[in-house]
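Accompanying notes for the structure given below.
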Amino acid sequence: MNHESFQSFVDRHGTDESLWPDTTEGKEARQLLEQSDLAQKILGENKRLFQLLEFAMSVPHPVGLEQRILRRVTTPPERNWTHFLASWILKPALVALPLVLGFVLGLTSTDSSVFVENEITATQFDDHSDLLAISDE
């Protein structure tokens, strides 16, 4: 076993020698570890790396988080004037708003909009036979 295959072995099986398998590869890795300073250095670096990873992955538990959540869940919410406004006045007003706007816009048609509407309908039903006569010439 060379040092590259030892590094690969340590990457696959970890740094705890007691967990290494009792296969020929495991026996070769143990022999190389006993004989080679570089293999011991590789194992030591990997052990330090795993220790740093464990330290980086540990997240402290917030103090009293469970109690705060339970207290928040069990106490009923406070009912104040904003809750009353949002539930009894504002919601029905928001539902009726499009209906009221539609009526207001429908009733406030101006003379210019009626003029444009009359022009559109008048243009559709005009007699265009004189245009056909011009195009034949």
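Modelled label-to-label distance, LEU19 and PHE103, 7 Å Cα→beta-carbon offset: nm?
7.4 nm
Under 20 Å from the 7 Å Cα→Cβ point of GLN7, by amide nitrogen: which residues of segment 46-79?
46-53
Taking all protein chains together and a probe of 1.4 Å, list ILE42, ILE89 from the most accessible to the least accessible.
ILE89, ILE42
Gain in length, ARG48 to HIS61, computed as 0.36 nm per residue apart minus the alpha-carbon separation, to one decimal in nm?
2.2 nm
Taking 0.36 nm per residue of sequence separation and subtracting the Cα-Cα distance, how much length would be gained by fully extending the chain between THR82 and ARG30, in nm to one decimal?
11.5 nm
Any idea which of PHE55, GLY44, PRO21 is furthest toward the positive side of the dipole for segment 3-56, if Lys and Arg beta-carbons carry +1 and Asp and Glu beta-carbons -1?
Value computed over the given set: PHE55.
Ranked from the most accessible area to the least, with a 1.4 Å probe and all protein chains present, what is the order of LYS41, LYS47?
LYS41, LYS47
Starting from the residue with the highest accessible area, list GLU45, GLU54 in decreasing order, probe 1.4 Å.
The ranking, largest first, comes out as GLU54, GLU45.
Taking the full set of protein chains and a 1.4 angstrom probe, give the accessible area of SER5 in square angstrom, rounded to the nearest 10.
40 Å²
Hey, got the Cα dimensions of segment 3-56 along the principal axes, in Å, largest first?
Largest first, segment 3-56 extends 34, 22, 17 Å along its Cα principal axes.
Keeping all protein chains in position, work out how much accessible area GLU28 exposes to a 1.4 Å probe, and write it in Å² to the nearest 10.
Its heavy atoms expose roughly 80 Å² to the probe.
The values are calculated or read from the model by the stated rules, or taken from the named source; none is laboratory data. On a predicted model such as this, the values are computed, not experimentally measured, just so you know. So basically every Cβ, Gly included, is an ideal-geometry build from the backbone, and we count neighbours across all protein chains shown. The accessibility values were calculated without ligands, DNA or RNA, using every heavy atom of the protein model including side chains. Shrake-Rupley method; radii C 1.70, N 1.55, O 1.52, S 1.80 Å.
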